[in-house]
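Here the structure comes first, spelled out in structure tokens, and everything after it is commentary.
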Amino acid sequence: MNSPIHPGSILSDRYRLVRELGHGGFGRTYLAEDTNRFRELCVLKQFAPKVQTPDALQKAEELFAREAGVLYQLQHPQIPRFRELFRVKNGNNEYLFLVQDYAEGQSYRELLTARKSQGLCFNEAEVTQLLIQLLPVLEYIHAKGVIHRDISPENLILRHSDQLPVLIDFGGVKQVAAKVSSQLNPKAANAPVTLLGKSGYAPNEQMQMGIVSPRSDLYALAATCLVLLTDREPQSLMHPDTLQWNWHSQVINISPYLSALLDHMLAELPGDRPANARAVLEVLNSYPVPNPVTTRPLTPPPVTPATASRSPYAARNITTTATVLSKFSLRKIFLVGFLLASIGGVGLWARNAWINTRTGGSGLHQTLISPEEKLRQQRLHDRRLSLSIDNYFFINLVNQQFYAQNPDLKGRQLTDKPSDAQFRAQWDAIAAASFDKLETISDRARRQMGNYTQADLSSWQATLAQYNISSLALNDLTDARFRHLFGFSPLDRFDNAVAFLKHPFSQVWQAIASDLVSTIPHRVEKIEFALNTYSKQVSGTLTPGTGKIFTASLGQSQRLQVDLQASPSGTTELSMYLQDRGRSSLLADSPKTSWSAILPETGIYQFVVVNNSREPISYQFKIAAK
């Protein structure tokens with residue numbers, strides 16, 4: 001190995017090294033500050049080929065950039081983004097560095113070590129949560145043609161900022177490095193191909209022949225789950241003679257559902273494993289949620305203020321969010337970036353054991369439940385499947401509503417006893433009413449509930465920008481639709497965005513927003529004044545819970561006068577925004593029918609009218625600017 005570069009050194013006139021994170025056969029990895037981005041932390045991966053001639057290094061750079069280029073195309077909030085490739089001269093040698101985002105948190109290996117010191121391991125609920133939150137990431141990279149190759153507890157980070165698992169250290173980077181080194185070093189031309197992956201975690205076809213596919217990543221993920229459940233390495237969970245998996249006796253309190261799924265993912269032949277990550281998710285969604293009595297939440301050390309101030313995620317943590325909320329109302333959720341803290345997956349709430357009957361479970365004495373109730377439960381189960389609603393998300397949604405209505409029951413499981421029949425009936429009624437509301441959302445948006453992320457927000461903002469619409473205007477339309485369905489807006493029930501994020505309602509809100517974005521051209525009308533005129537009136541109707549956005553290009557110092565008339569009166573709200581990358585509103589959720597002011601600057605102004613009544617309304621909207 002070449003000597004490490006000293007902390008404090010600045011590379012490429014930009015990256016100040018903080019410390020070395022580790023080293024391996026292809027170079028060293030450093031934590032650095034990006035001085036061009038307010039000292040944001042990032043990771044530098046050094047690639048040090050053994051051949052150091054200028055021609056060889058140039059060739060290495062070309063090969064590496066071409067072979068690793070697909071990794072730069074990965075844009076997912078749970079994958080550190082690859083930023084750039086640059087060359088640095090250090091003494092008589094030159095090196096290539098790969099720059100990527102830094103995920104601040106603890107690895108699952110570190111979390112497991114902390115558990116071991118307390119005589120604990122991960123439990124089924126936590127492993128299920130990990131699967132639910134990580135499988136969409138694998139589905140994403142596999143769709144891009146990328147195989148991770150090296151999934152293990154060391155390469156999964158529980159990120160401090162949002163408590164989501166982050167997938168790091170792609171084996172593909174190492175594979176590229178190995179390929180480049182072999183091409184640069186003639187002596188290695190006939191050497192055996194370097195096969196990557198950790199013994200016990202990677203399947204046989206990968207370790208012995210270098211064959212990888214989405215199924216090999218699923219195998220490694222299942223092996224990782226077993227390690228978390230047992231605190232034992234894969235080799236010790238296999239029969240010493242046959243090398244077949246022999247782990248069941250080492251795991252207590254695991255359901256037959258998860259046990260069967262892990263066995264399926266760990267099948268020796270690739271063709272005997274699930275075809276892809278989506279197939280595993282669908283199986284998980286058909287299973288009952290683990291009993292929360294055994295659930296122990298992850299408890300990584302808190303981020304210190306000093307660390308948070310330097311973290312690339314600092315602007316997204318809870319403290320900063322609360323500060324922003326003191327300046328903006330909760331309904332301007334997009335401005336505080338609440339989608340960065342994805343609810344994606346399972347918030348394991350107070351799950352009731354008796355719900356197993358709704359998903360085919362057998363953990364209850366069902367003879368205590370009447371045939372009428374069994375039929376009611378089966379109908380709920382069938383309806384959920386027909387609507388393609390995520391099982392974990394839906395149970396969370398109904399549980400939250402049920403316990404809000406019955407605070408004295410919070411923390412207690414419902415039983416199958418006759419004494420709880422009235423509560424089971426209430427839960428079922430809430431579930432049925434929730435289905436009625438959720439079926440008004442499109443199939444596409446409904447299937448995504450439980451998995452909305454920052455990537456969705458970025459996509460929506462790009463679409464809105466095409467029509468000169470800000471996220472503020474979208475929030476107005478989303479709030480109106482949400483209020484129409486559930487009878488309240490987020491402001492009515494939640495003190496701040498952080499509290500809203502912890503509730504499954506936030507995923508419903510985002511599903512509604514997704515539908516609105518897909519139909520935004522039909523919800524926007526551009527107002528243009530005829531030649532030598534300074535005013536215009538438009539009219540129309542709005543069904544309950546809907547809205548309309550009007551845009552107009554106006555100039556600084558113009559006097560603007562707007563008048564809104566609706567029938568019946570007192571049923572609308574009016575908001576006004578300037579499309580300037582997220583500035584606060586000029587008028588927000590106002591019952592006013594008239595408004596006048598001198599405009600502060602030139603730009604595209606947005607006027608949002610929403611119908612808050614339970615009946616359709618007719619409106620006339622007049623705008624004058626001189």
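Listed values, structure above:
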quantity: Order of Leu98, Leu31 under a 10 Å beta carbon neighbour criterion, fewest first; calculated: Leu31, Leu98
quantity: Overall Cα dimensions of the stretch 478-531, principal axis frame, Å, largest first; calculated: 51, 20, 20
quantity: Linear extension gain, Leu21 paired with His248, 0.36 nm per residue minus alpha-carbon span; calculated: 78.1 nm
quantity: Gain on full stretching of the segment that runs from Lys144 to Ala597 - 0.36 nm per residue minus C-alpha separation; calculated: 158.0 nm
quantity: FRET E, pair Ala432, Thr463, Förster distance 30 Å, beta-carbon r, rounded to 0.05; calculated: 0.35
quantity: Ranked Asp479, Asp515, Asp13, Asp495, criterion: other C-beta atoms within 10 Å, fewest first; calculated: Asp13, Asp495, Asp515, Asp479
quantity: The stretch 460-558: chymotrypsin sites (Phe, Trp or Tyr not before Pro) in DSSP coil with no more than 15 other Cβ atoms inside 10 Å; calculated: Phe488, Phe529, Tyr534
quantity: Added length on full extension, which subtracts the Cα-Cα distance from 0.36 nm per residue, Lys622 to Ser3; calculated: 215.6 nm
quantity: Debye equation applied to the C-alpha atoms of the stretch 522-625, log10 I(q)/I(0) at 0.10, 0.12 Å⁻¹; calculated: -0.26, -0.37
quantity: Entries in Lys410/Lys437; Lys437/Lys536; Lys116/Lys144 that, when Cα-Cα distance is taken, lie over 29 Å; calculated: Lys437/Lys536; Lys116/Lys144
quantity: Candidate aspartates and glutamates - alpha carbon under 14 Å from Lys548, same-chain residues fewer than 8 apart omitted; calculated: Asp476, Asp479, Glu525, Glu573, Asp589
quantity: Estimated distance in nm for a label pair at Gln73 and Leu269, the labels positioned 7 Å out from Cα along Cα-to-Cβ; calculated: 3.3
quantity: Cα-projected label distance for Arg444 with Leu31, points at 7 Å along beta-carbon direction, nm; calculated: 4.2
quantity: Modelled FRET efficiency - R0 30 Å, Glu62 with Gln235, Cβ distances, 0.05 increments; calculated: 0.15
quantity: Per-residue Cβ neighbour rank within 10 angstrom, fewest leading, Asp263, Asp476; calculated: Asp263, Asp476
quantity: 13 Å Cα-Cα reach of Lys45 towards aspartates and glutamates, excluding residues that sit fewer than 8 places from it in its own chain; calculated: Glu20, Glu84, Asp101, Asp169
quantity: Spin-label pair Ala421/Gln378, simplified geometry with 7 Å Cα→Cβ offset, distance in nm; calculated: 1.9
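Any read-out appearing in this document is the output of simple, stated calculations on the displayed coordinates, not a laboratory observation. In this text the structure is predicted, and so the values were computed from the model without any measurement. Glycine gets a Cβ as well: all are built from the backbone with ideal geometry, and neighbour counts include every protein chain shown.
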